[in-house]
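The values are calculated or read from the model by the stated rules, or taken from the named source; none is laboratory data. Keep in mind that this is a model prediction, so the values were computed, not measured. Please note: Cβ atoms are built from the backbone with ideal geometry, for glycine as well, and neighbour counts cover all protein chains shown. Only protein heavy atoms, including side chains, enter the accessible area calculation; ligands, DNA and RNA are left aside. Shrake-Rupley method; radii C 1.70, N 1.55, O 1.52, S 1.80 Å.
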Amino acid sequence: MSGHPLLAAERPSVVQLEDLAFELRSKLLHLCGSYEGAVHIGGDLSAADIFTALFQYGLRVDPSDISNPSRDRFVLSKGHAAVCMYITMAIRGFFSFDEIVATYGQLDSAYGMHPCKVQLPGVECSTGSLGHGLPLAVGMALSARHRGETHRVVCLMGDGETGEGSVWEAAMAARSNELGNLVAFIDRNRQLMTSFAEERVVFEPYPDKWRAFGWNVLEVDGHDMAQLVGAIDALPTTTDNRPTVVICDTVKGKGVDFMERNLAWHAGSLGVADLERAIAALSSTRVEENA
Ligand SMILES: Cc1ncc(C[n+]2csc(CCOP(=O)(O)OP(=O)(O)O)c2C)c(N)n1
């Protein structure tokens, strides 16, 4: 993914990306502490490293030129993680973090609980109803093919939402149309809204299912920045004839011990006391990493 005008010559190192992911998690917790309603914090924290790797390293996007026709297009299929995308993009320079905190979730705010491309330029796709992001991304990738454009379309899904039939219709259409310009990242945190994934749907053998649909399959630890960067570097060129899925093994609530794998934290709000507890928990992971 190098040598493109929208990619900085000096992209952040793995250590710098880890710092940016820490900043993202801290800001997510602060927003969750200041917002009165529920924030989908569990699935934000599980996807924080993926978002960071994509927006700070992989995606060819420029906050000062958001309509550049050769930019990559990002589709957030798990639209309930919108605030994680807003803050990631704020860190990259698209928006102001303070503005997100000031208006998040309010009526008429551009920063809604689910993303709206009409309200917020820079967002490529309005989502929230699960199972629709990949079909939309297939259409965008097909359109790019027809127009002779060479950008990528990247779609981030939750594993739970891949229980939707529309995802598999889209997967089949992507392979049938040889959409090597399409990449799906899956935040495989093995939890749904109120239950663990395998209690409801048999997903295994999960990577084999994607292979059976003709996709190129990469599997990474979704919290290991070096592996995420490695997967991005290993993506085939956009002229390839097979779409790629990067299955990211993750933990819902990652970084805050009392939220990790805890069904109570799919969505919630932190009071002042819990915010302090959450920040302390997150900071302790940092100390362990640097020890
Ligand atoms: C079509 C549809 N059905 C239900 C919901 C409500 N919902 C929001 S998040 C969620 C759980 C999704 O699980 P997953 O895709 O694994 O996301 P994550 O665990 O990463 O947050 C559900 C059922 C929705 N947004 N759209």
**Prompt:** Does HIS146 satisfy being open to solvent by 60 Å² or more (accessible area, probe 1.4 Å) and touching a residue at least 24 places away in the same chain (Cβ under 8 Å)?
**Reply:** no
**Prompt:** Mind checking which residues of region 161-185 are over 21 Å from the mean Cα position of the chain (by Cα) and within 11 Å of TRP210 (Cα to Cα)?
**Reply:** MET172, ARG175
**Complete:** Within region 103-122, residues within 19 Å of VAL61 (Cβ to Cβ) and in contact (Cβ under 8 Å) with a residue 40 or more places away in the chain come out as PRO121, GLY122
**Fill in**
Counting only residues that are more than 11 Å from the ligand (Cβ to nearest atom), open to solvent by 60 Å² or more (accessible area, probe 1.4 Å) and either of a type in the set (Asp, Glu) or part of a loop (DSSP other than H, G, I, E, B) (or both), region 157-185 contains a total of 3
**Prompt:** Pick from region 88-118 the residues that are among the β-branched types (Val, Ile, Thr) and more than 16 Å from the ligand (Cβ to nearest atom): which of them is surrounded by the fewest Cβ atoms within 10 Å (Cβ to Cβ)?
**Reply:** VAL118
**Asked** Picking from ARG152, ARG188, which residue would you name as being closer than 23 Å to ASP240 by Cα and either touching a residue at least 12 places away in the same chain (Cβ under 8 Å) or buried (at least 20 other Cβ atoms within 10 Å of the Cβ) (or both)?
**Response** ARG152
**Message:** Being closer than 23 Å to ASP208 by Cα and either exposed (fewer than 14 other Cβ atoms within 10 Å of the Cβ) or free of Cβ contacts under 8 Å to residues at least 60 places away in the same chain (or both) narrows it down to one residue among GLU276, GLU219, GLU260; which is it?
**Reply:** GLU219
**Message:** Being within 13 Å of the ligand (Cβ to nearest atom) and open to solvent by less than 30 Å² (accessible area, probe 1.4 Å): is that true of ALA197 here?
**Reply:** yes
**Asked** If you go through region 92-135 one residue at a time, how many are among the basic types (Lys, Arg) and assigned to a loop (DSSP other than H, G, I, E, B)?
**Response** 1
**Considering residues of region 178-198 that are modelled with pLDDT of 95 or more and of a type in the set (D, E, K, R) only, the residue nearest to THR239 (Cα to Cα)** = GLU178
**Message:** Can you pull out every residue in region 200-224 that is within 20 Å of TRP265 (Cα to Cα) and modelled with pLDDT under 95?
**Reply:** ARG200
**Message:** Restricting to region 235-291, name every residue that is basic (Lys, Arg), away from the ligand (no atom under 16 Å from the Cβ) and part of a loop (DSSP other than H, G, I, E, B).
**Reply:** ARG242
